[in-house]
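Q: Quick one: this structure, given as structure tokens, is what I'll be asking you about.
The values are calculated or read from the model by the stated rules, or taken from the named source; none is laboratory data. Just so it is clear, the structure is predicted and the values come from calculations on it, not from any experiment. For neighbour counting, all protein chains shown are included, and Cβ atoms are generated from backbone atoms with ideal geometry for every residue, glycine included.
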Amino acid sequence: MVQPRIGSRLRSRARRQWIAAAAFVGYWVLWELIARAGIFYEGVIPSSIAILRALYEIAFDRALYLNTAVTAFEVAVAILIGCGCGLAFGLLGGAVRTIGAAYEPYVHYLAPTPKIVFLPVLLLCFGVGFGTKIALGALSAFFPMAIATLAGVRGVDPVLLRVGQSFNLSRLQLAVKIYLPALRAPVLTGLKLGFGFALIGVLLAEIKLSNAGLGFMAIQYYNHFEMAELYALMMIIFLLAGGVNALVDRLTPRRWGR
């Protein structure tokens with residue numbers, strides 16, 4: 001029984017890989033057809049050859065690594081602040097009903113709001129520099145972590161809480177010994193979402209008011225109408241974001257096992 005199951009899984013995996021490869025080729029052919037058809041203004045949709053050439057040139061440009069380091073620093077600090085505050089709020093709001101009832105509606109109402117609308121206020125508070133970009137990223141990362149943690153806290157098994165109470169654990173001990181271990185999956189989900197939103201917030205801020213970072217590089221390519229370079233930079237950002245998400249995904253409970 002085991003051998004046929006393994007064979008079936010291998011065939012299913014191979015089928016998915018073939019479908020993914022076929023879809024990639026299809027997208028590539030469609031891109032080339034659009035680029036060569038002249039539907040858009042010349043240069044708006046460059047050919048894949050031009051994009052690959054630009055990608056090769058950018059990959060050996062020292063400016064890419066300097067700007068990547070700037071963006072990585074800003075995103076890391078934004079995640080640390082935003083997800084940390086979101087985790088603390090989720091634990092507190094989920095464990096203390098009064099706090100949850102008072103503040104949770106505002107979190108849910110503000111979560112879908114485009115955080116770029118807060119940029120003028122953040123600019124007044126932190127000025128032009130790292131502070132505003134980090135603040136916008138942190139604000140973007142706060143909400144998914146807070147919502148995921150709130151939902152996770154309310155899903156904790158009540159038996160575990162009763163056991164903790166029977167041992168006279170304080171609220172801090174309950175949070176450390178019961179809530180946090182039980183919230184592994186929601187916290188990692190919030191972290192993945194928070195990373196994506198923090199990256200978007202930081203890049204938007206860099207596009208608007210910065211002289212360094214990947215967002216700054218993107219707007220410079222746009223201003224000079226270097227579209228092949230812009231698409232190549234977008235590919236690099238997608239690959240970096242996908243790599244971080246894949247790394248976080250390897251930490252999910254289903255990969256850890258029991």
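Q: Scan the range 237-252 and tell me whether some residue there is touching a residue at least 12 places away in the same chain (Cβ under 8 Å), over 30 Å from GLY94 (Cβ atoms) and in the same structural domain as PHE73 (by TED's automatic domain parsing).
A: Checked against the condition, which is being touching a residue at least 12 places away in the same chain (Cβ under 8 Å), over 30 Å from GLY94 (Cβ atoms) and in the same structural domain as PHE73 (by TED's automatic domain parsing), the range 237-252 yields at least one hit.
Q: Kindly indicate whether VAL70 is closer than 18 Å to ASN211 by Cβ, assigned by TED's automatic domain parsing to the domain that holds LEU193, in a helix (DSSP H, G or I) and not aromatic (Phe, Trp, Tyr).
A: So VAL70 fits the description; yes.
Q: Give the residue, chosen from LEU172, LEU161, LEU209, that is under 24 Å from the mean Cα position of the chain (by Cα), in the same structural domain as ALA69 (by TED's automatic domain parsing) and at pLDDT below 90.
A: LEU209
Q: Can you tell me which condition SER47 does not meet? The list is (1) surrounded by 13 or more Cβ atoms within 10 Å (Cβ to Cβ); (2) in contact (Cβ under 8 Å) with a residue 40 or more places away in the chain, and all the others hold.
A: Evaluating SER47 over (1) surrounded by 13 or more Cβ atoms within 10 Å (Cβ to Cβ); (2) in contact (Cβ under 8 Å) with a residue 40 or more places away in the chain leaves (2) as the failure.
Q: Continuing with this model, one more query. Within the range 34-52, restricting attention to residues that are touching a helix residue (DSSP H, G or I) at 6+ places or on another chain (Cβ under 7 Å), assigned to a helix (DSSP H, G or I) and farther than 27 Å from VAL202 by Cβ, which residue is modelled with the lowest pLDDT?
A: SER48
Q: So if I check each of LEU136, LEU122, LEU91, LEU52, which one is touching a Lys or Arg at 6+ places or on another chain (Cβ under 7 Å) and either under 30 Å from LEU30 (Cα atoms) or aliphatic (A, V, I, L, M) (or both)?
A: LEU136
Q: Name, by its number, the condition in (1) at pLDDT 85 or above; (2) closer than 25 Å to LEU233 by Cβ that does not hold for CYS83.
A: All conditions are met except number (2).
Q: Please work out which residue is surrounded by the most Cβ atoms within 10 Å (Cβ to Cβ), limiting yourself to the range 97-124 and to residues that are among the β-branched types (Val, Ile, Thr) and touching a residue at least 40 places away in the same chain (Cβ under 8 Å).
A: VAL107
Q: PRO181 versus (1) crowded, with 18+ Cβ neighbours inside 10 Å; (2) assigned to a helix (DSSP H, G or I): which is the lone unmet condition?
A: Going through (1) crowded, with 18+ Cβ neighbours inside 10 Å; (2) assigned to a helix (DSSP H, G or I) one by one, PRO181 breaks only (1).
Q: Taking the conditions exactly as written (in contact (Cβ under 8 Å) with a residue 40 or more places away in the chain, touching a Gly at 6+ places or on another chain (Cβ under 6 Å) and not aromatic (Phe, Trp, Tyr)), does VAL153 satisfy them or not?
A: Yes: the conditions hold for VAL153.
Q: Taking ALA69 as the residue in question, decide whether it is more than 23 Å from the chain's Cα centre (by Cα), loosely packed, with under 14 Cβ neighbours inside 10 Å and aliphatic (A, V, I, L, M).
A: no
Q: Please verify whether LEU92 is closer than 30 Å to ARG154 by Cα, surrounded by 15 or more Cβ atoms within 10 Å (Cβ to Cβ), free of Cβ contacts under 8 Å to residues at least 40 places away in the same chain and assigned by TED's automatic domain parsing to the domain that holds LEU136, treating the condition exactly as stated.
A: yes
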